[in-house]
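S.K.: Submitted below is the structure of interest, expressed as structure tokens.
Any read-out appearing in this document is the output of simple, stated calculations on the displayed coordinates, not a laboratory observation. Remember, it's a predicted structure, so these values are computed and weren't measured experimentally. Every residue, glycine among them, receives a Cβ derived from its backbone with ideal geometry; neighbour counts consider all protein chains shown.
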Amino acid sequence: MHGSARADGDPASDYLYVRSLFVPYGTSASKGAQKALATAIDEARRAGYPIRVALIERQSDLGAVTELWGRPRDYARFLDLELAITYKGPLLIVMPSGIGFAHLNRATAREYRTLAPIAVRGGKDGLALTAMQAVVALARKTGHPIAMPAVATSTSSSGLGDRVLAGGVALSVLLVAGALFLLLRRRAAGRHRRSAA
């Protein structure tokens, strides 16, 4: 239900015609954060609150409508109309500048009151985590409570290999230093015995 898309005329609208989550091409969000957000969206749908979500990280993610950068509410209304042919349900937009929400031909004041306490987070996973929190809050407020998904973190095999390699190098250095120290001590002891004789 999720994935990445390249920019074109309006990439999010093209993608959200058939999917529930738009993540821009080249996103900074980790796989764990993307998966947690997708889980929240899926859980909300199963609970009776289907919602579609778009993460807009950069101005270029808006394709041909870059004038809506920094205007998440306006972009939410624009995207809502773009999707109206195939989708008329709740729509959530998260930009670094804020959160936008739309629901075709419906008032959104209640949803914006629910979203008001949610600040857009910083960092590479900030938009995805903000969207996840918003989805959970909206679902709960409409009587479809879901749990906050956990964000999985994993240690990559390459990272583990790097640490093992670093440990091996450190051990080798210690062994060489120890051997050199013993050799110098033996030489010093030999010179001492010869001078004493």
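S.K.: Going by the alpha-carbon gyration tensor, a ≥ b ≥ c the square roots of its eigenvalues, is the stretch 4-141 rounded (a/c under 1.5) or, if a/c is not under 1.5, prolate (a/b greater than b/c) versus oblate? Present the calculation step by step, with values, prior to reporting the outcome.
M.R.: Details: a/c = 1.28, a/b = 1.09, b/c = 1.18.
Because its axes are fairly even, with a/c under 1.5, the stretch 4-141 counts as rounded.
S.K.: Need the full-extension length gain, residue 17 to residue 150, defined as separation in residues times 0.36 nm minus the C-alpha distance. One decimal, nm. Let's see the in-between values first.
M.R.: Working: separation 133, 0.36 × 133 = 47.88 nm, distance 2.75 nm.
This chain segment gains 45.1 nm when fully extended.
S.K.: Stokes-Einstein D for the stretch 88-156 at 20 °C, 1.002 mPa s, Kirkwood Rh over Cα pairs, in µm²/s? Intermediate values should be presented prior to the final figure.
M.R.: On the way: Rh = 13.0 Å.
It diffuses with D of about 164 µm²/s by this estimate.
S.K.: Work out how much length residue 97 to residue 60 would gain on full extension: take 0.36 nm times their residue separation and subtract the Cα-Cα distance, in nm to one decimal. Write out the running numbers ahead of the final one.
M.R.: Values: separation 37, 0.36 × 37 = 13.32 nm, distance 1.47 nm.
Gain in length upon complete extension: 11.8 nm.
S.K.: While we're on this one: Within the set of other residues whose C-beta is less than 9 Å from the C-beta of residue 114, count the net charge using Lys and Arg as +1 and Asp and Glu as -1.
M.R.: Numbers: positive: 110, 113, 140, 141; negative: 111.
Summing Lys and Arg as +1 and Asp and Glu as -1 gives +3.
S.K.: Specify which residue in the list 44, 122, 79 is farthest towards the positive end of the charge dipole of the stretch 4-141, using unit charges on the beta carbon of Lys, Arg (+1) and Asp, Glu (-1), about the Cα centre.
M.R.: So the residue furthest toward the plus end is 44.
S.K.: A follow-up question, please. Excluding residue 128 itself, what net charge comes from residues whose Cβ is under 11 Å from its Cβ, given Lys and Arg +1 and Asp and Glu -1?
M.R.: On the way: positive: 31, 35, 121, 124; negative: 57, 125.
It works out to a net charge of +2.
S.K.: Using the Cβ atoms and a cut-off under 15 Å, what net charge is assigned to the surroundings of residue 149, where Lys and Arg are +1 and Asp and Glu are -1? Write down the numbers at each step before the final one.
M.R.: Details: positive: 31, 35, 45, 46, 140; negative: 42, 43, 125.
Summing Lys/Arg as +1 and Asp/Glu as -1 gives +2.
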